[in-house]
1. Just the number, please: carbon plus sulfur as a percent of the accessible area of region 111-201, 1.4 Å probe, no ligands or DNA/RNA counted.
2. At q = 0.13, 0.14, 0.19 Å⁻¹, what is the base-10 log of I(q)/I(0) for region 78-159 according to the Debye formula with one equal point scatterer per Cα and no solvent? Please give it to two decimals.
3. How much mean residue ellipticity at 222 nm does the chain get from its helices, if each DSSP H run of length 4 or more adds -39500 (n - 2.57) and you divide by all residues, to the nearest 500 deg cm²/dmol?
4. So what's the net charge close to V254: Lys and Arg +1, Asp and Glu -1, counting the other residues with Cβ under 15 Å from its Cβ?
5. Rounded to the nearest whole Å³, what is the per residue volume of the convex hull around the Cα atoms of the chain?
6. Gaussian network model of the chain, Cα springs within a sub-10 Å range: biggest mean-square fluctuation belongs to which of V66, V254, V156?
7. First compute the accessible area of region 264-320 with a 1.4 Å probe, then give the percent of it belonging to carbon and sulfur atoms.
8. Given all pairs of different Cα atoms, what value in angstroms does the Kirkwood hydrodynamic radius of region 254-297 take?
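The values are calculated or read from the model by the stated rules, or taken from the named source; none is laboratory data. No experiment lies behind these values; they were computed from the predicted model shown. Using ideal geometry, Cβ is built from the backbone for each residue, glycine included, and neighbour counts are taken over all protein chains shown. Surface accessibility is based on the protein's heavy atoms, side chains included, excluding ligands, DNA and RNA. Shrake-Rupley method; radii C 1.70, N 1.55, O 1.52, S 1.80 Å.
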Amino acid sequence: MANTKPLMAQSSGTDPASAAVASGLRTLDTEAAGIAAISAALQGPLGEAFTATVELIRNAKGRVIVTGLGKSGHVARKIAATLASTGTPAFFVHAAEASHGDLGMITPDDVIIALSWSGEQPEMKNLVNYSSRFAIPMIAVTSSAASSLGAAARIVLELPKAREACPHNLAPTTSSLMQAAIGDALAIALLEGRGFTALEFASFHPGGKLGAMLKFVRDIMHTGDAIPVKSLGARMSDALVEMSTKGFGCVCIVDAKGEIAGIITDGDLRRHMRPDLMTASVDEVMTRNPRTILPGMLATEMLETINSSKPAVTVLIVAEGKKPVGIVHVHDVLRAGVT
């Protein structure tokens, strides 16, 4: 009878999984060499051009127009997004579409960053001519300063020539990564140069995980009647009812001016457990000078405060001056997506 079992692949002596990992490692090593080459170049000739680029963009009255074709176009789109999100107004213009009306998006006050590894893309000719005609400064990101694009640019960020990770040295891999890296370096240099803060960053990133991480305490705190509060001199029985009703496991104790005098937590109850606890005054049980936070604190900072507190805390009073304006539980932070 004929063998009906499925044919099994013949072993070639090489584990496919190991071969895939080896290939991946070669790719990463090759691309890492490209990044290392940029780092070395920045400490040499590329550094002067990089500094000039940062100054040109910082002093521009308009926006940064980032352009490119093919893989360089995809990288250019990412660079524009990174610049815009870190405080440098920027957008992407497709180099080919520019010749069909999109040149009208570029003004004399703008700065153009043009990406082309070879610097010899004919589709960029009209955009280059437009830049020259209206004296719009152009920065070329290329591996050849002697190329047509390099010759037309005011500043050339000449990236070191590097081997592509592709075994045929053809598919843009290392080169694309190097373009993206120099774009990131520019964005961060501009960010740091203008003192762009986390608060400014938050205004550009209200959504997604970044938006959650950049929420303020005021955005998630409980306010008004939700805050468990009792006055100095109150009986512990009343404080316990307040703690149980509001559900935060604590009660804020305030003085006659409404200013924070102390806090009573579940831990305080355990430490002062005795037969007459319910008839005792809150003054006897509370912890004085409790830790508070400001409503303008980032939720991520609050989470760090909670995690670093000793003894551990799960809830914090939010105060303006010495008066309580809110309360936040660690669960509120987690529900907001801050981790």
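1. 57
2. Those come out to -0.37, -0.43, -0.82, one per q.
3. Helices in the chain give a 222 nm mean residue ellipticity of -13000 deg cm²/dmol.
4. Computed value for this residue: -1.
5. 284
6. Answer for the Gaussian network model of the chain: V254.
7. Answer for region 264-320 is 52 percent, counting heavy atoms of protein chains only.
8. 11.9
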